[in-house]
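What follows draws every value from the coordinates through simple rules; no lab data is involved. Just so it is clear, the structure is predicted and the values come from calculations on it, not from any experiment. Cβ coordinates were reconstructed from backbone atoms using ideal geometry, including for glycine residues, and neighbour counts include every protein chain displayed.
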Ligand code: TXA
Ligand code: MG
């Protein structure tokens, strides 16, 4: 693979959208911002374009892609049937960081998009540039996060180029993304909402929109996160709980080893410092990911401040860039503080557990 990757800067956004849309319509693959992370888009109907996405990312072919639409009205072209509850979720959260897994209308997208499943994941992004691009391209746009498989997702165009320069047709730079973590992936089954991947829309928001009679079930748990790359996670065999194929892969990880420390603040701080000191004692270069309130008190080769503990949305925005910074600084051991699991904290902790590959220390 040796492509000439075009960079469309923020100053040339209008021309960039136009050129990127032409590239998509011609079967090319281009990266673009969404409100969650940058995506790598291609025409979802074109098997060739979709294969280029998998090849550029080095993504396992059994991991299906999310199809992005410019408008919710187009969902019926992809889904064979949409239930009233699914319709209610679309109305409540689209455009926005919610992905719905729906029964696929046969032939609506390439079978490579759905990895042969009988469902298709669909979302309408809240980012103006993303929607303008998709509308101009005139096709449903399959788009995974625009990172090499296994790397943290990109929240800046620079991250996309770090991973994919020379492997894709272009990247549309429109500054930093908003949420910083991916969309929430849900499937409605038997009248209950199953969260396959926690993300930008919180379980609390889903509950509020769905009403008191609808169950909201989380597939996420510490044990389900502990699988090494390519290995099925614990509980993966369970027939009852629908799962997102992508969640079984190791993800979002820095190149160094990472450990996640959870527990009440005082004990957690002591355990973080002890883990860092032990690693330094072994001669490793050690980094700590911490909230602003605690960052100043730690000793390590690098302390990365993820923002105020009172505002976990800041940590969500900062996390992936911080994981990339750990690699840039050549850290070989990273200790991360845990966060409360309510609101966006659930998605944040899901990604931290995955980045740590299941290495969790309960203080
Ligand atoms: O925020 C996001 O969702 C970003 C931006 C670019 O939109 N996209 C993204 O895509 O995170 P990706 O490919 O990195 O993650 C898609 C997730 C994977 O866990 C995949 O297994 C799951 O969605 N998924 C896709 N199609 C599915 C299906 N038919 N059934 C169950 N899970 C599905
Ligand atoms: Mg991804």
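Tabulated data
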{"quantity": "Difference of contour (0.36 nm per residue) and Cα-Cα distance, residue 280 to residue 299", "calculated": "5.8 nm"}
{"quantity": "Taking all pairs of distinct alpha-carbon atoms in segment 21-60, Kirkwood radius in angstrom", "calculated": "10.4"}
{"quantity": "Cα-based shape type of segment 128-167, given that a ≥ b ≥ c are square roots of the gyration tensor eigenvalues and the cut on a/c is 1.5", "calculated": "prolate"}
{"quantity": "Full-extension gain in nm, residue 91 to residue 47, via 0.36 nm per residue minus C-alpha separation", "calculated": "12.8 nm"}
{"quantity": "Fully extended contour minus Cα-Cα distance, from residue 115 to residue 61, at 0.36 nm per residue", "calculated": "18.8 nm"}
{"quantity": "Stokes-Einstein D in µm²/s, Kirkwood radius over Cα pairs - segment 38-128 at 4 °C with 1.567 mPa s viscosity", "calculated": "97"}
{"quantity": "Calculated FRET efficiency for the pair residue 311/residue 72, C-beta based, R₀ 35 Å, to 0.05", "calculated": "0.70"}
{"quantity": "The chain - convex hull of the alpha-carbon atoms, volume per residue in Å³", "calculated": "131"}
{"quantity": "Whole-number D in µm²/s for segment 1-50 (Stokes-Einstein; Kirkwood sum over Cα pairs; 10 °C, 1.306 mPa s)", "calculated": "136"}
{"quantity": "Tensor-based shape of segment 245-363 (alpha-carbon gyration tensor, a/c under 1.5 rounded, otherwise prolate or oblate)", "calculated": "rounded"}
{"quantity": "q = 0.13, 0.17, 0.18, 0.20 Å⁻¹, segment 1-158: log10 I(q)/I(0) [Debye, one scatterer per Cα]", "calculated": "-0.55, -0.96, -1.08, -1.34"}
{"quantity": "Whether segment 109-177 is rounded, prolate or oblate, judged on the alpha carbon gyration tensor where a/c under 1.5 counts as rounded", "calculated": "oblate"}
{"quantity": "Acute angle (nearest 10 degrees) that the helix 47-57 long axis makes with the longest principal axis of the chain, alpha-carbon atoms", "calculated": "10"}
{"quantity": "The chain - mean residue ellipticity at 222 nm from DSSP helices (-39,500 (n - 2.57) per run, n ≥ 4, rounded to 500)", "calculated": "-9000 deg cm²/dmol"}
{"quantity": "Protection proxy ranking of 58-67, 193-202 - average other beta-carbon atoms within 10 Å, highest first", "calculated": "193-202, 58-67"}
